[in-house]
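The block underneath contains the structure these notes are about, expressed in structure tokens.
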Amino acid sequence: MAASLVDVNVWMALYVDSHVHHRLCHEWYATVGPREAAFCRITQMGFLRHLTTPAIMHGKPLSQRAAWQAYESILALPETVFLREPEALFDQTWKGLTSSPLPSNKHWTDAYLTTFARLHHLTLVTLDRTLAKSDPKHLWLSPGV
């Protein structure tokens, strides 16, 4: 399998046993080879933020310390890696994806992840159907609903 940038929604489904897509994401993760599932700074921060958000964690948020431990436990798996932002062309490419004449507050992070994946030659793996459809190199983990 090709290396993948994993969206926050997939990391959350992998980590939270009660997540509606937990099984689906584990089935995908079982196909991943060593160092083929990547965090970037944005997905790392999103994962940590979600783990400490009461509404997302059904009233049982983790402490910051516990969230770091959760992240580090996933990062310690042989399949998982943290990748830094590529310097070359990043701002130029990201700006190119975010230069619409229309306001779009929800597009910034999606464009960042798309840019990151493109410049690292990764597939972006997500549960977000709209994001997945925005680029042919993205993979939508379809819940089959």
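Per-structure values
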{"item": "Estimated dipole of the chain in Debye, rounded to 20 [Cβ of Lys and Arg +1, of Asp and Glu -1, Cα centre]", "result": "240"}
{"item": "Signed unit charges on C-beta, dipole axis of the range 4-140, positive-most listed residue L119, L48, S100", "result": "S100"}
{"item": "Highest-fluctuation residue, I42, I56, I74 considered, GNM on the chain with Cα pairs under 10 Å", "result": "I56"}
{"item": "Within the range 19-38, backbone nitrogen closer than 13 Å to the virtual label 7 Å beyond the Cα of L77 toward Cβ", "result": "22-38"}
{"item": "Under 25 Å from the Cα of K106 - lysines, other chains or at least 8 residues apart", "result": "K95, K133, K137"}
{"item": "The chain: calculated mean residue ellipticity at 222 nm from DSSP helix runs of at least 4, using -39500 (n - 2.57)", "result": "-13000 deg cm²/dmol"}
{"item": "Isotropically averaged projected area of the range 25-66, using the convex hull of Cα atoms (one quarter of hull area), nm²", "result": "3.9"}
{"item": "Among V16, V81, V125: highest mean-square fluctuation, GNM of the chain, C-alpha pairs under 10 Å", "result": "V16"}
{"item": "Sequence-separation-based contact order of the chain, relative, with Cα cut under 8 Å and 6+ spacing, percent", "result": "29"}
{"item": "Kirkwood hydrodynamic radius (C-alpha pairs) into Stokes-Einstein, the range 63-145, 25 °C and 0.890 mPa s, D in µm²/s", "result": "166"}
{"item": "Mean separation of Cα contacts under 8 Å (6+ apart) over length of the range 1-43, as relative contact order %", "result": "55"}
{"item": "Relative contact order (%) - criterion: Cα under 8 Å, at least six apart; region: the range 66-136", "result": "23"}
{"item": "Within a Gaussian network of the chain (alpha carbon springs, distance under 10 Å), most fluctuating of P86, P101, P61", "result": "P101"}
{"item": "Cα-Cα separations in the range 5-46 greater than 16 Å, expressed as whole percent", "result": "34"}
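Each reported figure results from applying straightforward, stated rules to the coordinates on display, with no laboratory input. Small disclaimer: the values here were computed from a predicted structure and weren't measured. Glycine also receives a Cβ, built like all others from the backbone with ideal geometry; neighbour counts cover every protein chain displayed.
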